[in-house]
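Data block below; observations after.
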Amino acid sequence: MNGIQHDKAVRFRALHERPGVFVIPNPWDVASARLLAGRMAACLQGSLLVRFAPSAVADAFCATRLGTDYGGTLGTLPAGTDLGAIVERATPGV
């Protein structure tokens with residue numbers, strides 16, 4: 001690596017080492033691109049639920065999928081979740 005390229009690399013790394021900096025995954029890497037797409041989809045789902053779904057459903061989704069280390073594990077709702085409202089929404093009317 002030449003001197004100029006090395007200086008650029010040092011400055012670039014310093015940008016990502018400051019506290020509070022958002023570091024985006026490398027979208028050119030297949031695994032990182034899938035992770036990024038999944039996170040974006042979850043954010044869109046959460047946004048739609050907050051706007052159009054009952055608050056119990058939106059709250060449960062956001063609490064379990066956004067801002068956590070959600071790894072696809074289902075059935076891990078936080079204590080105090082209004083399960084009755086969620087079941088009522090999921091139950092078809094006859």
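General observations
- Farthest positive-ward along the chain dipole, Cα basis, beta-carbon charges - from Ala14, Ala56, Leu77: Ala14
- Counting only DSSP H runs of at least 4 residues, each contributing -39500 (n - 2.57), and dividing by the residue count of the chain, the helix-based mean residue ellipticity at 222 nm comes to -19500 deg cm²/dmol.
- Ranked by the mean number of other Cβ atoms within 10 Å per residue, highest first, peptides 46-53, 59-66 order as 59-66, 46-53.
- Taking a Cβ cut-off of under 14 Å around Gly46, the surrounding Lys, Arg, Asp and Glu residues balance to a net charge of +2, with basic ones at +1 and acidic ones at -1.
- Taken about its Cα centre, the chain carries a charge dipole of roughly 340 debye when the Cβ of each Lys and Arg holds +1 and the Cβ of each Asp and Glu holds -1.
- The simple Förster model, with R0 at 35 Å and r as the Cβ-Cβ distance, assigns Thr81 and Arg39 a FRET efficiency of 0.95.
- Net charge contributed by nearby residues that have their C-beta within less than 13 Å of Gly71 (K/R +1, D/E -1): +1
No value in this document is a laboratory result; all are computed from the given coordinates. Predicted model, so just to flag it, every value in this text is computed and none were measured. FYI the Cβ positions are ideal-geometry reconstructions off the backbone, even for glycines, and counts take in every protein chain you see.
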